[in-house]
Amino acid sequence: MFTKILIANRGEIACRVIATARKLGVATVAVYSDADAGAKHVAMADQAVRVGPAPVAESYLLGDRIIQAALDTGAQAIHPGYGFLSENPDFVDAVTAAGLVFIGPTADAIRAMGLKDAAKALMEQAGVPVVPGYHGDNQNPDFLAGEADAIGYPVLIKARAGGGGKGMRLVEDPADFKAALEGAQREGQASFGDPACLIEKYITQPRHIEIQVFGDAHGNVVHLFERDCSLQRRHQKVIEEAPAPDMPELVRAAMGAAAVEAAKAIGYQGAGTVEFIVDGSDGLRPDGFWFMEMNTRLQVEHPVSEAITGLDFVELQLRVAAGEPLPVAQEDLAIDGWAFEARVYAEDVPNGFLPAIGTLDHLAFPDGAEFARGATRIDSGVRGGDVISPWYDPMIAKVIVHGADRATALRRLETALGGTQVAGTVTNIAFLRALSMHDGFGRGEVDTGLIARDIRALTATSDPCTRTRALAALAAGGYDRLGIGETGFTHWQPMPQTVTFTYGDEDIVARVTTRAPDRFDVTVAEATHQIARQGGDWWIDGAKTAARVLRTGDDVTVFWGNTYGFAVPDPLDRGAAAGPGGDAIIAPMPGLVKLMRAEIGQTVTQGDALLVLEAMKMEHTLTAPRDGVVAGVFAAEGDQVTNGTVLVAMEPEDG
């Protein structure tokens, strides 16, 4: 076993690797950019080395600096995590040339699976079923459009070097093919340095099921069963589970055998995932799955497979990389219970799931293990007070649960999400809870189109009830900090006062009457509630609640199942924030203008795509806010813009 390793990554996965290394007595070296100097993974590691400024191209993607950091600190091996350099075969070659060990597959194995077209040709040779499509080198747009016509719509355009949903477009109408191809090519070039795309038949009721595999240097390969990753939004996974619902043993065996053959075909070593697209229209069957791609690294969702097998995958990675044989054979492996993982992100769900930034003024999770097996597990790379910046993926945490059966695990997921508290940035927690309580999902009726079909119900905002507003009124007026826990006699007279605060665009007026240091009557919208504080608990109308109330500056947050954000406006500033509203397109986050279609004098219709903003490794299309005429264009392609920048202005509406 190694005595010291370097982790060539950041955030949650770096913390995850450090935790297992610490358990094994292996010292760790972290690398960090200027934006991550105070990050959690830096604090956890035994040593840390700066590799550059915030942009990934100037820090985490600089393989030579990372290798030098390993050499300078005496590390014997490099763990790549996922993303960044994890599937870069040139980096693997450089690590090996420097006399270090890459904790992962060989460069040849990564190259074999790195390009989707070549990988599918290889899989066909190995007898693994492959989705019908065009995987060749001809990238002429007209030729590709012809191939799409021949395959039959709907089709899926995929960047051949892609992953994580980047460079992927679903096309249902031939008229949309050209624009979709251009977008996929741009995103492929920006994310992977390769604009080439392949075209595949789109399965109309698809399920995304992947098989976890492990190989060693001694020729042993096993599969560790399946994960169902069908709950996706824009081809990105949202909630994963293991095993897959309604998976017949015959199909599990067939998919597992195909995954093992895929790994053996390239002499695979370490952790990998073979991903299949599965036809879910008429139940799972042995002839209804096809190879999509192989991820030659540890997956973000690996904890659900750890939960049902009882194995530490990072430990297995380290042991295999150190030359040890796999400690388990296929016949030793069995499925124990059920597990789910939900990815908590800083993102504005009502505003099209746009990534968000902000300081984590408050961060609390339900009781649970960290990077270890248990009923509830929280894997996170941030702490309270940390900043979600525009430079990196806005993941806050992965909430993982395990239960004896699917229903138990799903109830635990909903409970754990309800106990996850974040203030300082918007999150997708309410959306994840809605998914965990979705009737169809609860019955195991999952496919990749579920979220899109029910998106309105899943993203509907929950209006705070009068009890929630009453709690917010106490925090807005500062009453939550009045003499709680004081002893001794004090003569209190009822003191009604008015408190004004806001919820979104809504002004709220509440009347608060103080009955004692910890007892209040609060009237909101003609409803009066008796509220008491005992210790750290809030009691409303005689009933104890699970609510928690937090005030940070002028922001009030009430955590009570969902998270409700209120604001306490400064009366002197009222109206000062009035902006262009529906007369402008404003940058929702810092980013790079990749494409500008708007021109002064152009007549547009609400919803027309006017520009593309690249931020947090994804492209975001910004559209016309209403029908009208473009009055001004204030950014050009290639401009780096900040949050709140006016990009396009509309002529004022008549009247």
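Worth pointing out:
- Search result, residues across segment 382-408 that are over 23 Å from LEU360 (Cβ atoms) and touching an Asp or Glu at 6+ places or on another chain (Cβ under 8 Å): ARG406
- Options ALA19, ALA43; residue that is closer than 28 Å to VAL387 by Cβ, open to solvent by 10 Å² or more (accessible area, probe 1.4 Å) and touching a residue at least 24 places away in the same chain (Cβ under 8 Å): ALA19
- Residues in segment 522-541 that are in contact (Cβ under 8 Å) with a residue 12 or more places away in the chain and in a strand (DSSP E or B): VAL522, THR523, VAL524, ALA527, HIS529, GLN530, ILE531, ALA532, ARG533, GLN534, TRP538, ILE540.
- If the condition is being part of a loop (DSSP other than H, G, I, E, B), surrounded by 13 or more Cβ atoms within 10 Å (Cβ to Cβ) and of a type outside the set (A, V, I, L, M), then segment 542-570 contributes THR545, ASP554, GLY561, PRO569.
- Among the numbered conditions (1) in contact with an Asp or Glu (Cβ under 7 Å, 6 or more places away or on another chain); (2) open to solvent by 20 Å² or more (accessible area, probe 1.4 Å), the only one that ARG319 does not meet is (1).
- Every residue from segment 346-374 that is open to solvent by less than 50 Å² (accessible area, probe 1.4 Å), assigned to a loop (DSSP other than H, G, I, E, B) and under 18 Å from PHE313 (Cα atoms): PHE371, ALA372, GLY374
Residues are listed down the side, and each one gets a yes or a no for (1) open to solvent by 30 Å² or more (accessible area, probe 1.4 Å); (2) modelled with pLDDT of 90 or more:
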{"residue": "ALA119", "(1), (2)": "no, no"}
{"residue": "PRO129", "(1), (2)": "yes, yes"}
{"residue": "PHE143", "(1), (2)": "yes, yes"}
{"residue": "ILE157", "(1), (2)": "no, yes"}
{"residue": "GLY162", "(1), (2)": "no, no"}
{"residue": "PHE192", "(1), (2)": "yes, no"}
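- Within the span defined as segment 450-458, one or more residues are at pLDDT below 95 and assigned to a loop (DSSP other than H, G, I, E, B).
- Cβ-Cβ contacts under 6 Å between residues 6 or more apart (or on different chains), taken from a first residue in segment 408-421 that is closer than 12 Å to GLU341 by Cβ and open to solvent by less than 20 Å² (accessible area, probe 1.4 Å) to a second residue that is in a helix (DSSP H, G or I) and of a type in the set (Ser, Thr, Tyr), are listed as LEU413/SER436.
- Pairing residues of segment 88-111 that are more than 16 Å from ALA161 (Cβ to Cβ) and modelled with pLDDT under 95 with residues that are surrounded by fewer than 19 Cβ atoms within 10 Å (Cβ to Cβ) and of a type in the set (A, V, I, L, M, F, W, C), at Cβ distances under 9 Å and at least 6 apart in sequence or on separate chains, gives no pairs at all.
- Any hit, segment 282-299, residues being modelled with pLDDT of 95 or more and of a type in the set (Asp, Glu): no
- Segment 264-303, residues that are of a type outside the set (Lys, Arg), open to solvent by 10 Å² or more (accessible area, probe 1.4 Å) and outside any strand (DSSP E or B): ALA265, ILE266, GLY267, GLN269, GLY280, ASP282, LEU284, PRO286, ASP287, VAL300
- Checking GLN317 against (1) in a loop (DSSP other than H, G, I, E, B); (2) more than 19 Å from LEU115 (Cα to Cα), the condition it does not meet: (1)
- Taking the criterion of being open to solvent by 20 Å² or more (accessible area, probe 1.4 Å) and in a strand (DSSP E or B), the residues of segment 233-260 that qualify are ARG233, GLN236, LYS237.
The values are calculated or read from the model by the stated rules, or taken from the named source; none is laboratory data. A quick note: this is a predicted structure, and the numbers were derived from the prediction, not measured. Here the Cβ is made from the backbone with ideal geometry for all residues, glycine too, and neighbour counts use every protein chain on show. Only protein heavy atoms, including side chains, enter the accessible area calculation; ligands, DNA and RNA are left aside. Shrake-Rupley method; radii C 1.70, N 1.55, O 1.52, S 1.80 Å.
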